[in-house]
Amino acid sequence: MKKIYIVIIAVLLLGFIQIWNYSKSTTSQLFGDLVHRVDTDEMVVALTFDDGPSTAYTSYIVDLLAEHDVKATFFLTGDEITRNRAQALEIFKAGHTIGNHSFTHPRMIFTTPSEVAHQVDDTTAAIRSLGYEGEIFFRPPYGKKLYFLPRHLEAKGITSITWDVDAERGEDIATYTIENVKPGSIILLHVMYQSRETSRQAVPEIIEGLRAKGYRFVTIPELVKLRRG
Ligand SMILES: [Zn+2]
């Protein structure tokens, strides 16, 4: 093979790797507003739960948060809201914030504009059908976004929310989270499926540990308000 072809292939491959890495950046996207944490001196932190609502674990987590007097933010999928409407209403009526986590949870990197519109707008409609009137934020499935998704969100005036503390990265979820939270942090957790037992078990320890350090728990709209001033 001619050297020039090897160089071209290498450049294309590098470009692809860079695009792939950029698509999962938690701190940057091409269009619109993205928040991964808020710079503040206030001892505030936001607990966020992705996926669901599930029939199996929604009541468990809602009761747990009530026991600890914590309001959290749940990024739900439109498909699961539609199928498990009673559980979605349970989260809403308990006073938690509901966010948009797409309709069927695809990786939206090379997704077409019409598919992006379905994923975002039909989920917004499902959330509104619950009677939810607050601002609706968006969390991309797998943190993935590239061109059409951010462009659509910007056009709709929707802010993307990622995280600065991926709790499940820690060998011990609670210890890792408590050590890595800073004022204004956003914690990512998954508690809706059977496979997430260790995450569910970590929640009380995270709440108690962060409170012991002087933190109070806020929702995403409350946190974002601090940034907007
Ligand atoms: Zn998810």
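Just so you know, all these numbers are worked out from the coordinates, no wet-lab data involved. Bear in mind the structure is a predicted one, so any value in this text is a computation, not a measurement. Ideal geometry is used to build each Cβ from the backbone, glycine not excepted, and the neighbour counts take in all protein chains shown.
Annotations for the structure displayed:
- Region 67-188: proportion of alpha-carbon pairs further apart than 24 angstrom, %: 33 percent
- Cα shape, region 28-132, gyration tensor, a/c 1.5 rule: oblate
- Sparsely packed GluC sites (Glu not before Pro) within region 128-229, loop by DSSP, other Cβ within 10 Å at most 15: Glu133, Glu135, Glu171
- Dmax and Rg, reported as Rg then Dmax, of region 3-228 (C-alpha, Å): 18.1, 66
- For the pair Thr112 and Asn21, the difference between a 0.36 nm per residue extended length and the Cα-Cα distance amounts to 30.8 nm.
- Computed FRET value (nearest 0.05) for Asp69 with Ser195, which takes r as the C-beta separation and R₀ as 41 Å: 0.90
- Couplings for region 98-111, taken from phi via the Karplus curve 6.51 cos²θ - 1.76 cosθ + 1.60 with θ = phi - 60°, read 10, x, 9, 10, 6, 8, 10, 6, x, 6, 9, 9, 10, 6 Hz in order; Gly and Pro are left as x.
- Net charge dipole, the chain: roughly 860 debye, given to the nearest 20, about the Cα centre with Cβ charges of +1 for Lys and Arg and -1 for Asp and Glu.
- Karplus (6.51, -1.76, 1.60) ³J(HN,Hα), θ = phi - 60°, over region 177-184, in Hz, Gly and Pro reported as x: 5, 4, 6, 9, 5, 10, x, x
- Taking chymotrypsin sites (Phe, Trp or Tyr not before Pro) in DSSP loop states with no more than 15 other Cβ atoms inside 10 Å as exposed sites, the chain has its longest site-free stretch at 1-109.
- DSSP loop trypsin sites (Lys or Arg not before Pro) with at most 13 other Cβ within 10 Å: longest gap in the chain: 3-212
- Sorted by Cβ density within 10 Å, fewest first, the residues Ser195, Ser23, Ser28: Ser195, Ser28, Ser23
- Lys144 versus Glu179: modelled label distance in nm, points set 7 Å from Cα along the beta carbon direction: 3.1 nm
- Principal-axis analysis of the Cα atoms of the chain puts helix 113-128 at an angle of about 10° to the longest axis.
- In the chain, the DSSP-assigned H stretches of four residues or longer account for a calculated mean residue ellipticity at 222 nm of -14000 deg cm²/dmol, using -39500 (n - 2.57) per stretch and the full residue count as denominator.
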